Amino acid sequence: MHVDRSWRLKAAAILFSAALSACAGGSANREFVRDIEPLVGRADQSYFLDKYGDPDRKVTIDRETEIWEYTFGSESLSDYGARTTMATSNILRLTFKKGTLSSWQANARVR
């Protein structure tokens, strides 16, 4: 009986986290579409340094391509009463070609 209850609690926490990340990711993605999409091909790296600061992660693909990653809105699901160590966050990934924003991607992440 104890195993069955433990399994139900874990399943509930996973469903809760999936629902929470879907809601958070959807609204964050809409914000990024509105704010960042018009900047593709126009904004350079200094614009994002001024706006968001240093990225959490930088990856150099080749001499002309660099990817910057920012993490926003990190929340622990235990803050909402879930008995888990899982957390959600929104990841913004910016791709620069020759120093200018060429594409971007925003995703909700559950860890």
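Before moving on, here are some points about what is shown:
- A Förster radius of 25 Å combined with the Cβ-Cβ distance from Lys98 to Ser76 puts the calculated FRET efficiency at roughly 0.05.
- Sequence-ordered 3J(HN,Hα) estimates for region 89-99 from the Karplus curve with 6.51, -1.76 and 1.60 and θ = phi - 60° stand at 7, 10, 10, 10, 10, 10, 10, 10, 10, 6, x Hz, glycine and proline given as x.
- The label-point distance for Arg30 and Arg109, in a model that sets each label 7 Å from Cα toward Cβ, rounds to 2.4 nm.
- Inter-probe distance in nm under a simple model that places probes 7 Å from Cα toward Cβ, at Thr84 and Arg42: 4.0 nm
- Residues whose amide H lies under 5 Å from that of Thr65, counting only those 5 or more places away or on a different chain, are Lys98; hydrogens are built 1.01 Å from N in the peptide plane.
Every read-out reported here was derived from the displayed coordinates using simple, explicitly stated rules and does not represent laboratory data. None of these values were measured; they are calculated from a predicted model. FYI the Cβ positions are ideal-geometry reconstructions off the backbone, even for glycines, and counts take in every protein chain you see.
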